[in-house]
Each structure stands twice: as C-alpha cells, then as structure tokens.
Amino acid sequence: MIGPATVDTIELDAGPPLERPGGAPLYAARALVFAGAEPCAVETGSLRSLIAHGSHGTRQQLLSLPQPLTPERAEREVLPALEGCAWVLLGGQTAGDFPADTIDALVAAGHRICLDGQGLARGRRVGPVRLGPIDQRQLAGVTALKLNESEAEAAGRLEVPELLVTRAERGVTIAWRGARHHVPGDGRRFGDPTGAGDSFAALYCLERSRDRPPPEAARIAHETVQRLYAA
C-alpha cells in the first residue's frame with residue numbers, strides 16, 4: 001500500500017470530534033493483519049482533514065494537500081520496499097498524488113496496480129470535497145479501480161480491466177470482462193466506516209495476488225471488512 005498519511009478530525013453522528021491518525025497505509029495494513037497477512041505500507045506524504053459521518057452519509061473537508069509521489073521519489077524511496085509485492089494499492093487523497101509517470105514506473109517494475117479513485121474524483125484543492133469527472137488518461141496502466149457510489153456517479157464512464165464500486169452495507173459491484181457481478185452486503189451500517197474503503201481495496205489486492213478471480217476476491221474482501229468493522 002502506498003499513500004499519504006492523514007491526521008483526521010472525525011465526527012460520528014452527534015458525538016464530540018475525535019482526532020486520530022488515518023490514511024490508506026494505516027487502514028490497509030490493519031485489514032491485512034486482521035486477515036493474517038503481512039502488510040507492506042509506504043507513506044508518501046501527509047495531510048489533515050475533517051470527516052463527518054452520520055445518517056446523511058459522509059462529508060469530508062481537506063485542510064492541506066499531500067506531496068505528490070514523483071517517479072524519482074518512487075524509484076528511490078518506494079520501489080525497494082515493494083520487492084515481492086505482486087499487487088500494489090495506491091491510496092491517494094487528491095488528484096496528482098500519483099502522476100501518470102509514477103504509475104508507469106510502478107508498472108514497469110512488475111507491479112499490478114489497484115487505484116483508489118477517490119483522489120482523482122476529488123481534484124486537487126483544499127476545502128470541502130467536491131466530486132467531478134475522472135480523465136480516462138489518468139488510468140493508463142491501472143488494473144483495478146475502486147470507487148464508491150458517489151465517486152462512480154461523478155467520474156463518468158471509465159474503462160479499466162477491473163472496476164469495483166463499493167456500496168457500503170449493500171455490498172460491492174464488479175465490472176469485469178464485459179459482465180457485472182454483485183456481491184451483496186448484510187445490511188448492517190458501520191458505526192464508524194472511516195477506512196473501510198482502504199481496507200476493502202487492500203484485501204481485494206491480497207485475494208487477487210492469490211489468483212482468485214475478481215468476483216471471488218471482492219466477495220472475500222467485503223465479507224472480511226464486514227467482520228473487521230463489526231469487531
């Protein structure tokens with residue numbers, strides 16, 4: 001897992017704000033340990049954000065922007081740590097966190113890329129998160145793209161080998177080889193869903209690295225996230 005670390009101020013329904021560390025590397029590593037795997041997490045920068053969860057859904061505000069991972073930094077700081085990793089999860093927070101040249105460098109090194117598309121849908125700006133379309137050219141070299149429903153609706157039509165759309169307690173939809181597959185959820189909302197998407201994407205990569213086909217990998221990943229976040 002590669003991505004910026006975060007310091008998040010989190011509001012849960014009407015409760016008091018809580019400040020705690022976050023980001024894709026933290027939540028992805030937590031999920032892999034829960035699944036009995038050994039994580040490899042590389043933090044590429046940092047930012048601060050505000051996250052509010054409630055019956056309305058989730059709202060987020062970015063207070064700063066992380067440093068982009070350039071191909072030169074990837075070569076020097078990241079690729080040595082990824083030796084032996086077949087799949088790599090890119091957990092960006094904003095567009096520009098992983099330039100196309102950086103993804104090219106990771107692919108050239110033999111890694112298959114799962115990209116969390118939330119950053120591309122957000123753009124690169126501080127302030128309240130606003131979702132918009134994703135440029136297909138930003139997905140060159142990406143094997144799997146993970147979006148939530150809101151991000152997928154804003155992103156527009158995209159072509160990737162494996163498209164995963166998470167639907168919270170209602171499951172996951174997978175588009176693969178011209179067909180759509182649905183993994184049902186159990187209908188239970190998470191009291192605190194922060195990081196659930198990162199956890200799902202990491203577990204999906206784990207199962208794909210075991211040569212499970214995308215629908216089965218998504219099913220196992222989703223069921224594991226349900227157990228992890230209910231724990």
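Taking into account only those residues within the range 127-157 that are among the aliphatic types (A, V, I, L, M) and within 19 Å of ASP104 (Cα to Cα), which is farthest from the chain's Cα centre (by Cα)?
Out of the qualifying residues, it is ALA140.
Do any residues in the range 82-110 that are touching a residue at least 12 places away in the same chain (Cβ under 8 Å) have Cβ atoms under 6 Å from those of residues that are of a type in the set (Lys, Arg), where the two are at least six apart or on different chains, and which pairs are they?
Pairs found: TRP87/ARG112; TRP87/ARG208; THR94/ARG122; THR94/ARG124; ALA95/ARG124; GLY96/ARG124.
For the range 19-71, what are the residues that are closer than 15 Å to PRO193 by Cβ and among the polar types (S, T, N, Q)?
Passing the criteria: SER49, SER55, THR58, GLN60.
Name the single residue that is surrounded by the fewest Cβ atoms within 10 Å (Cβ to Cβ) among those in the range 1-33 being among the small types (Gly, Ala, Ser) and free of Cβ contacts under 8 Å to residues at least 60 places away in the same chain.
Of all residues in the range 1-33, those among the small types (Gly, Ala, Ser) come to 3, 5, 14-15, 22-24, 28-29, 31.
Narrowing the set further to residues that are free of Cβ contacts under 8 Å to residues at least 60 places away in the same chain leaves 5, 14-15.
Values: ALA5: 18, ALA14: 6, GLY15: 12.
Among residues in the range 1-33 that are among the small types (Gly, Ala, Ser) and free of Cβ contacts under 8 Å to residues at least 60 places away in the same chain, the one surrounded by the fewest Cβ atoms within 10 Å (Cβ to Cβ) is ALA14.
For the range 132-184, what are the residues that are of a type in the set (Gly, Ala, Ser), assigned to a strand (DSSP E or B) and crowded, with 18+ Cβ neighbours inside 10 Å? Break it down into steps so the answer makes sense when it comes.
If we filter the range 132-184 for residues that are of a type in the set (Gly, Ala, Ser), which is where we start, we get 132, 140-141, 144, 150, 152, 154-156, 168, 171, 175, 178-179.
Among the residues that remain, those that are also assigned to a strand (DSSP E or B) are: 144, 171, 175, 179.
Hits for the range 132-184 are ALA144, GLY171, ALA175.
So for the range 189-197 (the condition being loosely packed, with under 14 Cβ neighbours inside 10 Å and in contact with a helix residue (DSSP H, G or I) (Cβ under 6 Å, 6 or more places away or on another chain)), does at least one residue qualify? So that I can check it myself, show each step before the final result.
Start the filter on the range 189-197 by keeping residues that are loosely packed, with under 14 Cβ neighbours inside 10 Å, which leaves 189, 191.
Of the ones still in play, those that are also in contact with a helix residue (DSSP H, G or I) (Cβ under 6 Å, 6 or more places away or on another chain) are 189.
Yes, the range 189-197 has at least one match.
Is it the case that the range 28-35 has a residue that's out of contact with any Asp or Glu (no Cβ under 6 Å at 6 or more places or on another chain), farther than 24 Å from ILE134 by Cβ and assigned to a loop (DSSP other than H, G, I, E, B)?
yes
Can you pull out the residues in the range 195-214 that are outside any helix (DSSP H, G or I) and basic (Lys, Arg)?
Scanning the range 195-214 gives ARG210, ARG212.
If you go through the range 95-119 one residue at a time, how many are among the β-branched types (Val, Ile, Thr) and touching a Pro at 6+ places or on another chain (Cβ under 8 Å)?
The total comes to 1.
Collect the residues in the range 119-144 that are within 13 Å of LEU62 (Cα to Cα) and touching a strand residue (DSSP E or B) at 6+ places or on another chain (Cβ under 7 Å), keeping them in residue-number order.
Once the filter is applied, which keeps residues that are within 13 Å of LEU62 (Cα to Cα) and touching a strand residue (DSSP E or B) at 6+ places or on another chain (Cβ under 7 Å), the range 119-144 yields VAL126, GLY127, PRO128, VAL129.
Any idea how many residues of the range 158-178 are on the phi < 0 side of the Ramachandran plot, charged (D, E, K, R), out of contact with any Pro (no Cβ under 7 Å at 6 or more places or on another chain) and at pLDDT 95 or above?
Within the range 158-178, residues that are on the phi < 0 side of the Ramachandran plot, charged (D, E, K, R), out of contact with any Pro (no Cβ under 7 Å at 6 or more places or on another chain) and at pLDDT 95 or above number 1.
Which one of GLY54, GLY36 is without any contact (Cβ under 8 Å) to a residue 60 or more places away in the chain, more than 20 Å from THR166 (Cα to Cα) and more than 15 Å from the chain's Cα centre (by Cα)?
Only one candidate qualifies: GLY36.
Scan the range 74-81 and tell me whether some residue there is assigned to a helix (DSSP H, G or I), among the charged types (D, E, K, R) and touching a residue at least 24 places away in the same chain (Cβ under 8 Å).
Yes, the range 74-81 contains at least one residue that is assigned to a helix (DSSP H, G or I), among the charged types (D, E, K, R) and touching a residue at least 24 places away in the same chain (Cβ under 8 Å).
Filtering the range 198-231 down to residues that are acidic (Asp, Glu) and crowded, with 20+ Cβ neighbours inside 10 Å, which residue is nearest to GLU169 (Cα to Cα)? I'd like the intermediate steps shown before the answer.
Residues of the range 198-231 acidic (Asp, Glu): 198, 207, 211, 216, 223.
So of that shortlist, the ones also crowded, with 20+ Cβ neighbours inside 10 Å come out as 198, 207.
Numbers: ASP198: 15, GLU207: 21 Å.
In this case the residue turns out to be ASP198.
Return a yes/no flag: does the range 199-208 have any residue that is under 26 Å from GLY22 (Cα atoms), touching a Pro at 6+ places or on another chain (Cβ under 9 Å) and at pLDDT below 95.
no
The values are calculated or read from the model by the stated rules, or taken from the named source; none is laboratory data. Fair warning: this is a prediction, and the values are worked out from it, not measured in the lab. Backbone-built Cβ (ideal geometry, glycine too); neighbour counts: all protein chains shown.
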